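Working notes for the structure below.
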Amino acid sequence: MKIKEMMQEQRPREKALRLGIESLSDTELLCLIISSGTKNRPVDVIAEDLLKKTNNLSTLPNIPIQSLMEIEGIREVKALQIAGSIELCKRAMKAKTYQQTIHHPKDVLNWFEIEYGILPQEHFICVYLDAKGKIITHKVIFIVSLNESLIHPREIFKEAFLNNAYSILFVHNHPSNDTTPSRSDIASTHQLMEVAKTMGIYVMDHIIVGKDNWYSFKQNGALH
């Protein structure tokens with residue numbers, strides 16, 4: 001049944017107002033964001049195509065605008081509406097994480113999974129915290145290329161001192177979604193731990209994230 005053929009109270013906008021935004025299905029939520037169809041393609045058909053293209057939303061957080069525009073019925077304005085909604089969600093998660101006191105890997109996981117977990121290249125990020133466990137700032141230290149996989153401590157600890165950080169949380173992603181640490185991951189972590197001890201900076205943890213999977217060095221007794 002097309003949106004315009006539904007009873008008024010069954011339409012996504014009216015349903016959301018009546019029952020809450022969380023009551024909407026994935027298709028209905030996309031209809032709400034896309035807002036309208038075209039002469040030849042109803043909004044719900046466009047929404048279903050978007051679900052298929054993103055494998056039921058799993059690849060939506062990092063889909064390029066040009067890929068969105070490959071769907072018939074989505075042009076620049078609608079593509080930007082979708083991309084803007086995704087970016088707003090990422091920023092909200094980051095803002096929420098910055099307001100928290102970080103005690104556990106799960107305190108940062110939602111943000112890092114949606115922002116870095118499904119990226120096609122490996123990113124190494126340092127999160128710098130104060131003595132109370134609040135995030136001061138974070139920085140992408142490097143993006144791994146095919147010919148480079150070494151982590152250089154100089155840049156990491158320079159930022160720690162510039163920001164007067166008490167502790168550091170290391171995070172990097174595995175594009176394969178297999179978050180088992182590699183030999184290089186283990187060796188690099190041990191190297192960073194030694195440097196941190198010398199510098200008098202506490203390493204809270206090293207977390208590896210995928211799109212829906214994660215590994216904590218600390219929780220697995222591998223942070224030493």
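Numbers at a glance
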{"item": "Amide H contacts of residue 173 (H built 1.01 Å from N, under 5 Å, at least 5 apart or other chain)", "result": "123, 209"}
{"item": "Computed E for residue 136/residue 86 - FRET, C-beta separation, R0 25 angstrom, nearest 0.05", "result": "0.45"}
{"item": "Pairwise FRET efficiency - residue 55 versus residue 152, Cβ, R0 = 35 Å, nearest 0.05", "result": "0.45"}
{"item": "Percent accessible area from carbon and sulfur atoms, segment 14-92, protein chains only, probe 1.4 Å", "result": "54"}
{"item": "Average accessible area per residue (Å²) across segment 34-184 - probe 1.4 Å, nucleic acids and ligands excluded", "result": "56"}
{"item": "In degrees, nearest ten, helix 153-162 long axis to first principal axis of the chain (Cα)", "result": "80"}
{"item": "Chain lengthening between residue 19 and residue 40 when straightened (0.36 nm per residue, less Cα-Cα)", "result": "4.5 nm"}
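The values are calculated or read from the model by the stated rules, or taken from the named source; none is laboratory data. Values in this document were obtained by computation on a predicted structure and should not be read as measured data. Backbone-built Cβ (ideal geometry, glycine too); neighbour counts: all protein chains shown. These accessible areas exclude ligands, DNA and RNA; they are computed on the full protein's heavy atoms, side chains included. Shrake-Rupley method; radii C 1.70, N 1.55, O 1.52, S 1.80 Å.
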